[in-house]
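Inspection log for the structure reproduced underneath, given as structure tokens.
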Amino acid sequence: MASTRGFKRTSQLLKDRIRRASESRGFAVSRLLTQWEEVVGPDIAGIARPVDVSYGRQGFGATLTVLTTGAQAPMLEMQKEKLRERVNAVYGYNAISRIRLTQTAPTGFAEGEVSFDHRPKPNSTPTADPAAQAVAARMAAPVSDGSLRHALEALGRNVLSRSKR
């Protein structure tokens, strides 16, 4: 077995803190928070995230509060039973009996600002004018370092194309 020479994994250092923080919010199994996408699948994880687990008086039949956006709430409403089954599979028994959807976090608006959009943003860089590219290449040509020359050409293209707008 290889020695770690005094180093510890970050997950080992933070495990107790994550567990305490998640238990204070009602999550007895912190895996529900840390591996939400694996638990519910990418389709549901893309439109919702867990906020709170509240237990009834008897300790059975907990309610999972899930944060979603207004447009996605009807879609998630139709998938509540599938979501409940997947979450209960993590707990190992029917811990969650009800799922409540919310469009704002119960503790404040700061938690509700999370974006559920996991798609990559489209590339919106405008194409430079060929004349501006030629001028920028000519101005950076005397520089001998290739990476610096490339950076100066890009800077020149951006400045020259911006001044023409």
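The values are calculated or read from the model by the stated rules, or taken from the named source; none is laboratory data. The structure displayed is predicted, hence computed values, not measured ones. Glycine also receives a Cβ, built like all others from the backbone with ideal geometry; neighbour counts cover every protein chain displayed.
Just one of the listed residues (Arg19, Arg49, Arg5, Arg31) is within 19 Å of Ile99 (Cα to Cα) and either touching a Pro at 6+ places or on another chain (Cβ under 9 Å) or modelled with pLDDT under 85 (or both), and it is Arg31.
Residues checked against (1) assigned by TED's automatic domain parsing to the domain that holds Glu38; (2) modelled with pLDDT under 65; (3) more than 27 Å from the chain's Cα centre (by Cα):
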position: Gln103; (1), (2), (3): yes, no, no
position: Thr107; (1), (2), (3): yes, yes, no
position: Ala134; (1), (2), (3): no, no, yes
position: Pro142; (1), (2), (3): no, no, yes
position: Gly146; (1), (2), (3): no, no, yes
position: Val159; (1), (2), (3): no, no, yes
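Name every residue in segment 44-81 that is over 18 Å from Arg31 (Cα atoms) and assigned to a helix (DSSP H, G or I), in order of residue number. Within segment 44-81, Ala73, Pro74, Met75, Leu76, Glu77, Met78, Lys80, Glu81 meet the criteria. Only one of the numbered conditions (1) within 20 Å of Glu38 (Cβ to Cβ); (2) modelled with pLDDT of 80 or more is violated by Tyr91, and that is (2). Only residues that are buried (at least 17 other Cβ atoms within 10 Å of the Cβ) and of a type in the set (D, E, K, R) were counted in segment 67-85, giving 1.
Only one of Pro130, Pro120 is at pLDDT below 60 and out of contact with any Gly (no Cβ under 6 Å at 6 or more places or on another chain); which?
Testing whether each residue is at pLDDT below 60 and out of contact with any Gly (no Cβ under 6 Å at 6 or more places or on another chain) leaves just Pro120.
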